[in-house]
1. Tell me, yes or no, whether the range 401-414 has at least one residue that is in a loop (DSSP other than H, G, I, E, B), more than 23 Å from residue 239 (Cβ to Cβ) and in contact (Cβ under 8 Å) with a residue 12 or more places away in the chain.
2. Being closer than 20 Å to residue 86 by Cα and free of Cβ contacts under 8 Å to residues at least 40 places away in the same chain is the filter here, so list the residues in the range 34-73 that pass it.
3. Would you kindly identify the strands (runs of 3 or more DSSP E) lying entirely within the range 1-96 that contain at least 2 residues that are more than 25 Å from residue 268 (Cβ to Cβ)?
4. Do we find a residue being part of a loop (DSSP other than H, G, I, E, B) and touching a strand residue (DSSP E or B) at 6+ places or on another chain (Cβ under 9 Å) anywhere in the range 142-149?
5. Collect the residues in the range 152-171 that are surrounded by fewer than 20 Cβ atoms within 10 Å (Cβ to Cβ), touching a residue at least 24 places away in the same chain (Cβ under 8 Å) and touching a helix residue (DSSP H, G or I) at 6+ places or on another chain (Cβ under 6 Å), keeping them in residue-number order.
6. Return yes or no: is residue 234 touching a residue at least 12 places away in the same chain (Cβ under 8 Å), at negative phi, out of contact with any helix residue (DSSP H, G or I) (no Cβ under 8 Å at 6 or more places or on another chain) and not in a helix (DSSP H, G or I)?
7. Run residue 310 past the list (1) modelled with pLDDT under 95; (2) within 25 Å of residue 210 (Cβ to Cβ); (3) not in a helix (DSSP H, G or I) and report the number of the one that doesn't hold.
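The values are calculated or read from the model by the stated rules, or taken from the named source; none is laboratory data. Note that the structure is predicted; figures quoted are calculated from it, not measured. Methodologically, a virtual Cβ is constructed for each residue, glycine included, from the backbone with ideal geometry; neighbour enumeration extends over all protein chains shown.
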């Protein structure tokens, strides 16, 4: 990745927070690297080098600044937006794929050889997949050291290190201090809320329209899975090593995240999925600048800057939601999905003592029985959404929807369970849409909605969507799908964000 020295240096000199995560500033005279907005005195030009990733700076022998915490900066918006090999790889690395499956597993998920993947990442980011994953492990370790009471050996393995020695060497190299020194410097604070609970700050690029984000999620919240209350969004998570739960509270300059995890190895995936859900790596200034060039949207952008596009923590969940919402209102879809979750949580009794735990019982009243089911709840009252395998086990009567829609859900579930369809953030967007639309009952609207929210495509328009057309009418735009589709070319590459604004206008 080519970094223009003058532009980068001006950003550093002005301490512009918008560039945090875009690049990192290496100071050769002190041997540290910083985020562009670091409050320290601006270094001299001859002592500065710029790096496209923290891993590249670490590879040059620099340690992280303890003042500005460059590892806690928002991620680059490129990896949130780009659909190419490098963008997909960065999203998968953030989700912990290298820690779980190694570089061979990452390459297999992407469909490329390890050699080609390494070459592409080195060219773009100045570091290969192992170095990028190592930088993430170091950040995870620092969070665990400073915010939990876990023993340091436990921290090492929870962060993904293969040995305590490797953990000690990496922390000392990246932070210029031993793990025990990091803990002493922060007072060794115990975990808030007991073992398995971590509270941390998730940074974002301002502005963030908190009300729009929480309203969007509250309107679609499913009982037993998620809820919005007093400015906090809570939901259950289905994570690689077990269940989890997240409570996210937007604040000034950051989102406070309290994570309850059954297995600490899931910290990095949980953080990555929460960031994606709240769209925290987006560059709202760039998005709003493009949309504001259209006079029809300019007033709305000026009044409500920083509208985000909520993504998904589970791609299959979003596909099922999209199918359930076909041709019906959000309220009706919520009722249908709640009935489905209730049926899955309360199978028909097979023992005389089980009567009274049937499908008519409210999901909230019987959630504790299922808190410790595989990948279910984590003791906090909320559980992750159904897996594809669980959906395939449900009888016809559990769906409460037309047969065609029910079979469309099962078709997607079979494709996901069989590994033929990847709907997670690191999936190939074009291939996923192609495979989705090849399934019976999946049309352009459903595939587009999944691409927008599950796969994170920032440039999807839903011209046949009724709420989009109503929003277009309210803003004086054409509501005919073909005409609107042609008009929306001026919103590229941010048409998904225009859809959110049209929904709000409706």
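1. Within the range 401-414, one or more residues are in a loop (DSSP other than H, G, I, E, B), more than 23 Å from residue 239 (Cβ to Cβ) and in contact (Cβ under 8 Å) with a residue 12 or more places away in the chain.
2. 57
3. On the way: elements: 24-27, 32-34, 48-51.
By residue number, 48-51.
4. Yes, because at least one residue in the range 142-149 is part of a loop (DSSP other than H, G, I, E, B) and touching a strand residue (DSSP E or B) at 6+ places or on another chain (Cβ under 9 Å).
5. Answer for the range 152-171, where residues must be surrounded by fewer than 20 Cβ atoms within 10 Å (Cβ to Cβ), touching a residue at least 24 places away in the same chain (Cβ under 8 Å) and touching a helix residue (DSSP H, G or I) at 6+ places or on another chain (Cβ under 6 Å): just 152.
6. Working: touching a residue at least 12 places away in the same chain (Cβ under 8 Å): yes; at negative phi: yes; out of contact with any helix residue (DSSP H, G or I) (no Cβ under 8 Å at 6 or more places or on another chain): yes; not in a helix (DSSP H, G or I): yes.
Yes: the conditions hold for residue 234.
7. Evaluating residue 310 over (1) modelled with pLDDT under 95; (2) within 25 Å of residue 210 (Cβ to Cβ); (3) not in a helix (DSSP H, G or I) leaves (1) as the failure.
So that you can scan it fast, the table gives a plain yes or no per residue for (1) modelled with pLDDT under 95; (2) over 25 Å from the mean Cα position of the chain (by Cα); (3) in a helix (DSSP H, G or I):
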position	(1), (2), (3)
461	no, no, no
468	no, no, yes
471	no, yes, yes
484	no, yes, yes
488	no, yes, yes
501	no, no, yes
